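The values are calculated or read from the model by the stated rules, or taken from the named source; none is laboratory data. In this text the structure is predicted, and so the values were computed from the model without any measurement. Heads up, the Cβs are rebuilt from the backbone with ideal geometry, glycines too, and the neighbour counts pull from every protein chain shown. Keep in mind that these areas ignore ligands, DNA and RNA; they rest on the heavy atoms of the full protein, side chains included. Shrake-Rupley method; radii C 1.70, N 1.55, O 1.52, S 1.80 Å.
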Amino acid sequence: MRAWLEGVEARRGLDRLTAQSRQLVLASYVVLIALMAYRGMAIEADGNRFGPLIAFVLPLVLFLPSLLTRRPRGHAWLAFVSLLYFAQGVMVATLPGQGLRGMLESVVSLALFTGCMGYARFRSRQMRRDA
């Protein structure tokens, strides 16, 4: 796997791969936040409309400083958190009438995971190269 990734880096260029993975991260991050905001607004727990919204969106928003400063380590941690959303999406997809929403959440969180891991790898290698 390592040799394959190094071959991809040599063919496509580290700067290009870093930019593409960053775009994937940002797009999937925004879509996942939108999905979670919609889901949080749809649930009303004991008359508290904002409790579920905060519970679904806050873990993602906490990574915003790392995304804005382009830190590879923050992206790696976001990748691991996105796996929780993947598991939740799979679980929601099994509920009656929620299959599409659950599959969409799973696919978007998997895209976020892939983008974050790619960005963490490519950006850290880029920083080592430029140092």
Query raised in the report: Within the set of pairs 6+ apart or on separate chains, which have a first residue in the stretch 83-94 that is open to solvent by less than 30 Å² (accessible area, probe 1.4 Å), a second that is of a type in the set (Ser, Thr, Tyr), and C-beta atoms under 7 Å apart?
Result: TYR85/SER109; GLY89/SER106; GLY89/SER109
Query - Verdict on LEU84 being at pLDDT below 95 and either over 10 Å from the mean Cα position of the chain (by Cα) or among the acidic types (Asp, Glu) (or both) - result: no
Report summary line: Subset of the stretch 74-131, residues among the charged types (D, E, K, R) and more than 21 Å from LEU5 (Cα to Cα), comes to ARG101, GLU105
Query - Residue that is in contact with a strand residue (DSSP E or B) (Cβ under 8 Å, 6 or more places away or on another chain) and not hydroxyl-bearing (Ser, Thr, Tyr), where the choices are PRO65, PRO72, PRO59, PRO52 - result: PRO52
Query raised in the report: Within the group ILE54, ILE33, which residue is within 20 Å of the chain's Cα centre (by Cα), open to solvent by 70 Å² or more (accessible area, probe 1.4 Å) and either in contact (Cβ under 8 Å) with a residue 60 or more places away in the chain or more than 22 Å from ARG128 (Cβ to Cβ) (or both)?
Result: ILE54
Query raised in the report: Given the residues ALA3, ALA79, ALA42, which is the only one that is without any contact (Cβ under 8 Å) to a residue 24 or more places away in the chain, closer than 15 Å to ARG121 by Cβ and either among the hydrophobic types (A, V, I, L, M, F, W, C) or open to solvent by 80 Å² or more (accessible area, probe 1.4 Å) (or both)?
Result: ALA3
Query raised in the report: How many residues are open to solvent by 20 Å² or more (accessible area, probe 1.4 Å), touching a residue at least 40 places away in the same chain (Cβ under 8 Å) and within 16 Å of GLY74 (Cα to Cα) when one looks only at the stretch 100-118?
Result: 2
